[in-house]
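*Asks:* Before I ask anything, let me first share the structure, which is written out below as structure tokens.
All of the numbers you see were taken from the coordinates with simple rules; none came from a lab. It should be emphasised that the depicted structure is a prediction, and the values quoted were computed from it without experimental measurement. So basically every Cβ, Gly included, is an ideal-geometry build from the backbone, and we count neighbours across all protein chains shown.
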Amino acid sequence: MLTREAALAESGTAPAVTGYHHFAPTVSDVEASAQWYERVFGMTRVPAAFPHHGGEEGGFAVVLMEPRSGIVLGLHHHNSNPGQPFDERRTGLDHMSFAVTARADLDAWAGWLDRLGVENSGVTDTGDPVPYSVVVFRDPDNIQLELIYMAG
């Protein structure tokens, strides 16, 4: 009799994923980024710095959690980071997108970002290639973030 794992491998079906766990950008100033994400998203800091594994000496991550959604963010410091700003045109991350429940939530977010002085696109509605609405903005390292509502 085949184990469950062997049966999945034999069938060509990938093992299950249970959900999103965390987003982990490398940042130039962990403390400044942590304060920004706390202020903008209302995230709270996990009370420990997490060391990097895999041979890097001195690297660590500050972990934050958004209490309502459970979204986790690990802000990574690497001693060898030269401090260049993020550029989505290079290999790696393009952007991070956070879902909202309703189109009106985007208006609330755009107003919140304006009140905090965080430059943003305002709400953009589009129907191409599918109907959606989005607010785009950037963190202190220029990492593009989105808030998105996918119309039914």
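*Asks:* Given (1) 12, 43, 33, 11, 1, 0; (2) 9, 31, 31, 18, 8, 1, 0; (3) 11, 33, 25, 12, 8, 6, 4, 1, 0, 0 as candidate values of P(r) over Cα pairs in 10 Å bins from 0, in percent, which corresponds to the one derived from the coordinates?
*Replies:* Evaluating P(r) over Cα pairs in 10 Å bins from 0, in percent on these atoms matches (2).
*Asks:* Can you pull out the GluC sites (Glu not before Pro) in region 69-152 that DSSP calls coil and that have at most 16 other Cβ atoms within 10 Å?
*Replies:* Values: sites: Glu88, Glu119, Glu146; in loops: Glu88, Glu119.
For GluC sites (Glu not before Pro) across region 69-152 that sit outside H, G, I, E and B with at most 16 neighbouring Cβ atoms in 10 Å, the list reads Glu88, Glu119.
*Asks:* For region 94-152, rounded, prolate or oblate, judged on the Cα gyration tensor with a ≥ b ≥ c (square roots of eigenvalues), a/c < 1.5 rounded, else prolate if a/b > b/c?
*Replies:* Note, shape of region 94-152 comes out oblate.
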